[in-house]
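Student: Take a look at this one; I'll ask things after.
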Amino acid sequence: MVAVTRYTRRMMRLSRDVAGPCLAPGGSVVAVGAFDGLHRGHQALLAEVRERAGALGLTPVVVSFEPLPRAFFSPEPVARLSSVREKLRGFAAAGMEQVLLLRFNGALTAMSAEDFVQRVLVDRLAAREVWVGGDFRFGHKRGGDVALLETMGRQLGFSARTMPAVLLEGARVSATRVRMLLAAGEFAGATPLLGRPFVMEGKVEYGKQLGRQLGYPTANIHLRDRSSPVHGIFAVRVGLGESECSWPGVASLGVRPTVNEVPEPLLEVHLFDFEGDLYGQRMAVEFVAKLRDEQKFDNLDDLTVQMAKDARQARELLGMNPRLSEA
């Protein structure tokens, strides 16, 4: 069991396994879901769980899965709205006191819905209320649904509750809808659904320093096995450490087709008018506007000319003097 810092009064505890002692001996109110991106629909569900737990004197708990179930079954990479670290920070900020982040693997997919209820919700969490979305499915071959939860709850001493969909401009808030907006570069449209701007975080690592040679030193963040919902060149704002995303910059997220393609997408960020060493620091990158798609140039001179154009456009979009990009 690992402790995770949170911004509320109590410490949030993280567990990974189905088997083990009861995590909430006094009883719990439980939210169950994938929770990718922690959009406004997720936020409403977690807020309800926290409030119900407080009213009943129980422990607020969230059950989630890693990798994401849809990614486990998909033959192609599935774009994620949040990393595991970002998701855990969101749970903490929402006031969850226990997180059961189950390993989504062959053993879990083979577990029947009935076993999941007994072993996870009852034995591991002593659930008194279980909150899910109306389309929630679980267990082997998605054999469990809300009706099964309600039936087993009456037998085992908990109630099953469904959270109404959160609507925005007449349409349901969903991770799929957010992904579509981000892929199209519609960051202003995605922000109300997320309840915040879209941000990607990571640790700055050493690169080949080609950007420095071209006059645009970059901070490099490797996405590892995370598939990004966005690709291209962007105007961004950056936060270092725990600071807010306020430092203006321009970023590339892709495979660097002109200079040596990389096997996995790389996030490269050039901070305007910045001096200092960023290696090893955690960086949060807020995507403000998409400038263009990634493209391959015939030579480095053409690439450098385009980088200057990108910098001017980004400065203008971020409310800076675009002429400074030529200095």
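Student: Could you grab me the full set of residues in the stretch 182-195 that are surrounded by fewer than 19 Cβ atoms within 10 Å (Cβ to Cβ) and in contact with a helix residue (DSSP H, G or I) (Cβ under 7 Å, 6 or more places away or on another chain)?
Tutor: If the condition is that a residue be surrounded by fewer than 19 Cβ atoms within 10 Å (Cβ to Cβ) and in contact with a helix residue (DSSP H, G or I) (Cβ under 7 Å, 6 or more places away or on another chain), then GLY189, GLY195 are the ones that fit.
Student: Can you tell me which residue is surrounded by the fewest Cβ atoms within 10 Å (Cβ to Cβ) among those in the stretch 263-282 that are of a type outside the set (Phe, Trp, Tyr) and closer than 22 Å to GLN313 by Cβ?
Tutor: That would be ASP273.
Student: Moving on. With under 21 Å from ARG137 (Cβ atoms), in contact with a Leu (Cβ under 8 Å, 6 or more places away or on another chain), surrounded by fewer than 21 Cβ atoms within 10 Å (Cβ to Cβ) and among the aliphatic types (A, V, I, L, M) as the only criterion, which of ALA34, ALA44 stands out?
Tutor: So the residue among ALA34, ALA44 that is under 21 Å from ARG137 (Cβ atoms), in contact with a Leu (Cβ under 8 Å, 6 or more places away or on another chain), surrounded by fewer than 21 Cβ atoms within 10 Å (Cβ to Cβ) and among the aliphatic types (A, V, I, L, M) is ALA34.
Student: I would also like to ask the following. Does any residue of the stretch 148-164 turn out to be in the same structural domain as VAL99 (by TED's automatic domain parsing), under 24 Å from the mean Cα position of the chain (by Cα) and surrounded by fewer than 16 Cβ atoms within 10 Å (Cβ to Cβ)?
Tutor: Within the stretch 148-164 (the criterion being in the same structural domain as VAL99 (by TED's automatic domain parsing), under 24 Å from the mean Cα position of the chain (by Cα) and surrounded by fewer than 16 Cβ atoms within 10 Å (Cβ to Cβ)), the answer is yes, since at least one residue qualifies.
Student: Shifting gears a bit: Right, ARG9: modelled with pLDDT under 95, under 25 Å from GLY195 (Cα atoms) and part of a loop (DSSP other than H, G, I, E, B) or not?
Tutor: Against the criterion (modelled with pLDDT under 95, under 25 Å from GLY195 (Cα atoms) and part of a loop (DSSP other than H, G, I, E, B)), ARG9 qualifies.
Student: It is to be established whether one or more residues within the stretch 15-33 are among the β-branched types (Val, Ile, Thr), more than 16 Å from VAL130 (Cα to Cα), over 18 Å from the mean Cα position of the chain (by Cα) and modelled with pLDDT under 95.
Tutor: There is no residue in the stretch 15-33 that is among the β-branched types (Val, Ile, Thr), more than 16 Å from VAL130 (Cα to Cα), over 18 Å from the mean Cα position of the chain (by Cα) and modelled with pLDDT under 95.
Student: Contact list please: Cβ distance under 7 Å, first residue in the stretch 47-65 and surrounded by fewer than 22 Cβ atoms within 10 Å (Cβ to Cβ), second residue among the hydroxyl-bearing types (Ser, Thr, Tyr), pairs at least six apart or on different chains.
Tutor: LEU58/SER28
Student: Of the residues in the stretch 264-298, how many are within 21 Å of ALA308 (Cα to Cα) and either free of Cβ contacts under 8 Å to residues at least 60 places away in the same chain or in a loop (DSSP other than H, G, I, E, B) (or both)?
Tutor: 15
Student: Go through the stretch 131-141 and report how many residues are in contact with a strand residue (DSSP E or B) (Cβ under 6 Å, 6 or more places away or on another chain), in contact (Cβ under 8 Å) with a residue 40 or more places away in the chain and in a loop (DSSP other than H, G, I, E, B).
Tutor: Residues flagged as in contact with a strand residue (DSSP E or B) (Cβ under 6 Å, 6 or more places away or on another chain), in contact (Cβ under 8 Å) with a residue 40 or more places away in the chain and in a loop (DSSP other than H, G, I, E, B) within the stretch 131-141 amount to 0.
Student: Determine if the stretch 111-130 includes at least one residue that is in contact with a strand residue (DSSP E or B) (Cβ under 7 Å, 6 or more places away or on another chain), surrounded by fewer than 20 Cβ atoms within 10 Å (Cβ to Cβ) and not aliphatic (A, V, I, L, M).
Tutor: no
Student: Next question. Just checking, how many residues over the stretch 232-244 are at pLDDT below 95 and either under 13 Å from MET200 (Cβ atoms) or assigned to a strand (DSSP E or B) (or both)?
Tutor: Selection size over the stretch 232-244: 1.
Student: If you don't mind, another one. Here is a list of conditions, (1) in contact with a Lys or Arg (Cβ under 6 Å, 6 or more places away or on another chain); (2) surrounded by fewer than 16 Cβ atoms within 10 Å (Cβ to Cβ); (3) not polar (S, T, N, Q), and VAL84 meets all of them except one; can you say which number that is?
Tutor: Among (1) in contact with a Lys or Arg (Cβ under 6 Å, 6 or more places away or on another chain); (2) surrounded by fewer than 16 Cβ atoms within 10 Å (Cβ to Cβ); (3) not polar (S, T, N, Q), VAL84 violates only (1).
Student: Scan the stretch 161-184 residue by residue and report those that are polar (S, T, N, Q) and in contact (Cβ under 8 Å) with a residue 40 or more places away in the chain.
Tutor: SER174, the sole residue that qualifies.
The values are calculated or read from the model by the stated rules, or taken from the named source; none is laboratory data. Computed from a predicted structure; not experimentally measured. We place every Cβ from the backbone using ideal geometry, glycine too, and count neighbours over all the protein chains shown.
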